[in-house]
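Accompanying notes for the structure given below.
What follows draws every value from the coordinates through simple rules; no lab data is involved. From a predicted model like this one, the values you see are computed outputs, not experimental measurements. With ideal geometry, Cβ positions are generated from the backbone for all residues, glycine too; neighbour counts draw on all protein chains shown.
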Amino acid sequence: MSETADVCVVGSGAGGALAAWALVKRGARVLLLEVGPRFVPADYTTYVPDWELQRSRFAEVSAAKARESYEGRATQLDPAYADLHSRTPSFYARRPARRRRRSFFYNHAIGVGGSTLHYQGEAHRFPAHAFRMRSERGVAEDWPIRYAELAPFYARVEALLGVAGDPENPFKPAREAYPYPAHPLSAASQRVAEGARRLGWRLLPNSVAILPRARPGRAACHYCNGCARGCMVGAKGSVDVAVIPEAEATGRLRLVTGFQVSRLQTDADGRAVAALGFDAEGREGRHLARAFVLATGAIETPRILLNSAGGAHPHGIGNAEDQVGRNLMETLYAKLLAHFERPLDTWAGLPLDSRIWDLNGASGEGEVPNGMVLGQGVGVLEGPVGHALEGLEGYGAEHREGMRKSFGAGIEFLGIAEQLPQPENRVTLSQRKDRFGVPLASVLARLREGDFEALAHLHGQIGALADASRVAQVVGQVSAFDTPNATHVGGTCRMGSDRKTSVVDAHGRVWGVPNLVVADASVLVTQGAGDSPSLTIQALALRAAEELAERARRGEV
C-alpha cells in the first residue's frame, strides 16, 4: 500500500499525461500508474539496418498485453459490398474473399506515452459541426459542450506539444496562428494536390505535433518518415517527451510503471478510494488517493469500471443505467496502394503531411452523414521489404526489375470516415480471464448498413483521387470492411447531460462518483468527422483535470 495521493491517474497516454500535468501544475500530488514500460530512444527500431523485419518495441509489448486485455468477435459481412474486400499482392491476394469480418483489432501502444508513442503526430481540432451532429445533420448525438468551450484548451495543448500547421483552413473555425508554421509538402503530396485540384478539392498542410524548428530539449524533425516506430530525436510531440518530463520536474508527480489496475475500490458512499491491481511479478497492490482519473482507453477503461462492481455499484461503477461500454466507435478506414509512373522518393517527408477536408461535412450538402478526411502516405510501401511484398507481384528477374523502376513511386491513398455510434457495439466482460483472474473485455464491433455505405463512398472518393493524381497502377486495397485496424476508438463512456444516456458529465465526472473522472477517448460522443482524436482527448483531459483541481480547492471532492 502506498501513501495517499491527492489524485491517482491511471494510464499515461494522451489524456492521462495531460491530466497529470494539469494537476501537478495546480499543486496536487499525483500518482501516475502505467501498465507498460518506459521506453527510451535506444529501444526504437527506427534506424537499425533491418528495421522493416523487426516489430517496433511498442507493437511487441502491445501484442503481449492484448491477450491479457480483450477478446474480439468475428462478425458477418454484407455480400452486396464484395468490391470492398481487401486484396494486395501478398497475403490477401492468395486467399478467397472473406465471408466474415476479422475479429476486432485494437492497434494501440502500451507504455509511458500510450498511443502517442506510435501515432504520426496528427493534431486536429474537431470541426464545430462535429459537436452538433444531431442538431445539424440529424444523426448520432450532440455533445454537452460546443467547440467554443474547448477552443482555449486546444490552443494550450498545441502550445505545449509544439504543433505546426496552417490556420487558413476553410473547413474549420477561424483560429489564431499555430505555434509553428506548417511543414513543407512532400513531393508525393504536391503530386496529389494536383489531383485534388482536378476534382475541385483542396489539399492542405496537415496540423501535426512535430517540430519544424528545435526547442529546448527537443530537436527539429529531419523527415525520416519513421514516426510510427518512435522518434529518436524528440521532434514528435508524444507525451512521454513533451508533457511528462515537465510534470516530473515539479517534484509532485510519482510515476509507477508495470502496474495493471484491475478495479477501483469504493466506500459505502460509492466514492472511489483505491486502485487495486497487480505488478509485473503478480503481486497484488493497492494505491490510495482522494480522487481518481481513469485514462486507459476506450477498451480498458470500461473494463475497469465493469470489473469494479460491488457495494454501491452493483453493476459496475457508472453503470446504473447500463451505459458503460456502449456506443463503441472504431476506425472506418480505406486504403488504395498504387504506383506513380516514376519514383518521387515517396518515402521521404512526414508520414501524413497533408489532408483533404472537403468531405468532412462542413457544408452538409450532398454528402453522406459520416464526415471523412482523405490524404496520402506510404504505409506498408515505405521501405524496400514492404514494397517488395505489398507493392509488386511476380518473382525473380521480373520482380527485381519492377523494384528498380517502382521503389519510391509507391503511395497509399487513404481515408478515414466517421463511424456513427450504435448502442449495440459495445464492450462487456468476457468469461475468459487474464493471468490474475480478472475478466477480459469482450468487444463487439459490428458494421451496420450505414458503415458499409460510408466505406463504399470512401473507396469511391480515394479511387477518384488516385485517378485524378494520374497513378500508373493500382496494386491493392485494404479497408475496415473485412480487416479491422482500430487506431481511433472511442465512445464507451461517453459524456452527456443526461445520466440515462451517458456515463460522464460535461467535465468527465462519472455520474454519482464526484471524485472519479474519465479522461480518454471513452468520453467522445462522436468521432470528429474523420479527424484524429488525440488533440481533442488532450484538450478534454486538460479541461476536466483543471475542473477537478478547482473542486478539490473548494473542498467538493
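Of note:
- Additional length obtainable on full extension of the chain from Glu149 to His222, 0.36 nm per residue less Cα span: 22.7 nm
- Of all aspartates and glutamates in the structure, those lying under 12 Å Cα to Cα from Lys65, and not within fewer than 8 positions of it along the same chain, are Glu300, Asp434.
- Sites Asp142 and Ala63 - FRET efficiency at Förster radius 51 Å, r taken between beta-carbons, to 0.05: 0.85
- Shape box of the chain [Cα atoms, principal axes, largest first, Å]: 71, 52, 48
- Reducing segment 408-450 and segment 528-551 to their Cα centroids gives an inter-centroid distance of 22 Å.
- Efficiency of FRET from Cβ geometry, Glu71 and Val40, R₀ 22 Å, rounded to 0.05: 0.10
- Between the C-alpha center of segment 267-343 and that of segment 184-206 there is a gap of 39 Å.
- Angle in degrees between helix 297-307 and the longest Cα principal axis of the chain, rounded to the nearest 10: 30 degrees
- Extension gain for His315-Arg55 works out to 89.7 nm (0.36 nm per residue, less the C-alpha to C-alpha distance).
- Stretched out straight at 0.36 nm per residue, the stretch from Arg134 to Ala82 would grow longer than its current Cα-Cα span by 15.6 nm.
- R0 of 51 Å, Cβ-Cβ distance Lys433-Ala187: FRET efficiency to nearest 0.05: 0.50
- Sparse-neighbourhood loop sites, GluC sites (Glu not before Pro) in segment 158-212 - DSSP loop, at most 16 other Cβ within 10 angstrom: Glu168, Glu176
- Degrees between helix 57-66 axis and first principal axis of the chain (Cα, 0 to 90, nearest 10): 60 degrees
- Between Glu550 and Glu284, the modelled label-to-label distance comes to 4.0 nm, taking each label 7 Å out from Cα in the direction of the beta carbon.
- Folded to 0 to 90 degrees: helix 14-25 orientation relative to the chain principal axis, Cα: 50 degrees
- Overall form of segment 440-528 per C-alpha gyration tensor (a/c, 1.5; a/b vs b/c): prolate
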